[in-house]
Amino acid sequence: MLKSDRWIRKMCLEHKMIDPFVDRQDGEGKISYGLSSYGYDIRLADEYKIFTNVYGAVVDPMNLDPKAFVDYKGPYCVVPPNSFALARSVEKFNIPRNVLAICLGKSTFARCGIIVNVTPLEPTWTGYLTIEISNTTPLPAKVYSGEGIAQLLFLESDEICEISYADRKGKYQSQVGVVLPRILAQR
């Protein structure tokens with residue numbers, strides 16, 4: 001069942017599900033973030049990895065060359081035309097064992113051709129969320145550090161999952177910073 005603002009507030013205050021937690025929508029003169037009716041709008045930190053093809057890299061999720069990205073830190077990021085950047089959330093997450101969160105892009109960005117990848121935050125996952133921002137336009141696109149970028153929706157199960165993300169030692173558990181794709185090592 002989709003969870004309301006009261007449930008999200010309780011989980012954040014009692015269990016640090018989102019930290020830092022903003023108890024209201026903050027949107028005066030900026031792209032909003034914080035608690036909404038049935039979700040939570042997350043913010044961009046000031047750390048980015050901007051995709052570049054300067055070195056002729058091949059996009060290979062099995063072995064993505066870090067040289068395919070330029071590291072950037074600042075108050076905003078300009079995402080190149082028809083390209084993408086990776087960023088991270090300001091917020092750190094601690095998802096309960098009976099909860100699944102789904103990250104969706106905000107309509108403000110979608111109306112500008114800027115798409116945030118849909119991704120799940122699985123039960124018992126903890127860390128800062130790496131966010132993929134695609135610029136689908138032929139023009140450079142600007143996103144702002146400290147402002148809203150995506151919304152999380154929370155679904156609570158009536159059962160506890162048998163094997164959680166932490167139980168299976170998920171490859172993105174406790175990630176810090178902007179994390180590139182990983183592959184689990186063969187056993």
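The candidate values were (i) 18.7, 77; (ii) 16.8, 52; (iii) 15.7, 46; the one computed from these coordinates for Rg and Dmax of the Cα atoms in Å carries the label (ii). Karplus-based coupling profile of the range 21-38, in residue order and whole Hz: 10, 9, 7, 7, 6, 10, x, 5, x, 8, 7, 4, 8, x, 5, 10, 4, 9, with θ = phi - 60° in 6.51 cos²θ - 1.76 cosθ + 1.60 and x standing for Gly or Pro. For the range 1-119, the dipole from Cβ point charges (+1 on Lys and Arg, -1 on Asp and Glu) about the Cα centre works out to 300 debye, to the nearest 20. Separation of the alpha carbons by more than 20 angstrom is noted, of LYS3/LYS171; LYS3/LYS106; LYS10/LYS30, for LYS3/LYS171; LYS10/LYS30. With θ taken as phi - 60° and the Karplus curve 6.51 cos²θ - 1.76 cosθ + 1.60 applied, the whole-hertz 3J(HN,Hα) list for the range 49-54 is 10, 9, 5, 9, 10, 4 Hz, x standing for glycine and proline. Take 160-167, 5-12 and order them by the average number of nearby Cβ atoms within 10 Å per residue, most first; the result is 5-12, 160-167.
Under the criterion of Cα pairs below 8 Å and six or more residues apart, the relative contact order for the chain equals 27 percent.
Among VAL143, VAL58, VAL90, the largest mean-square fluctuation in a Gaussian network model of the chain, built with springs joining Cα atoms closer than 10 Å, belongs to VAL58.
Which one, SER36, ILE131, PRO80, is farthest towards the positive end of the dipole of the range 1-150 when Lys and Arg carry +1 and Asp and Glu -1 on their Cβ? Highest projection toward the positive end goes to SER36. Roughly how far apart, in whole Å, are the Cα centres of the range 1-32 and the range 110-187? Rounded to whole Å, the Cα centres lie 17 Å apart.
GNM remark for the chain: springs join alpha carbons under 10 Å apart, and the peak mean-square fluctuation among SER157, SER83, SER174 falls on SER157.
In the elastic network of the chain, a GNM with C-alpha springs shorter than 10 Å, the most mobile of LEU121, LEU139, LEU104 is LEU139.
Every number here is computed from the coordinates shown, using simple stated rules; none is lab data. In this text, all values refer to a predicted model and were calculated from it rather than measured experimentally. Reconstructed Cβ throughout: ideal geometry from the backbone, glycine too, with neighbour counts over all protein chains shown.
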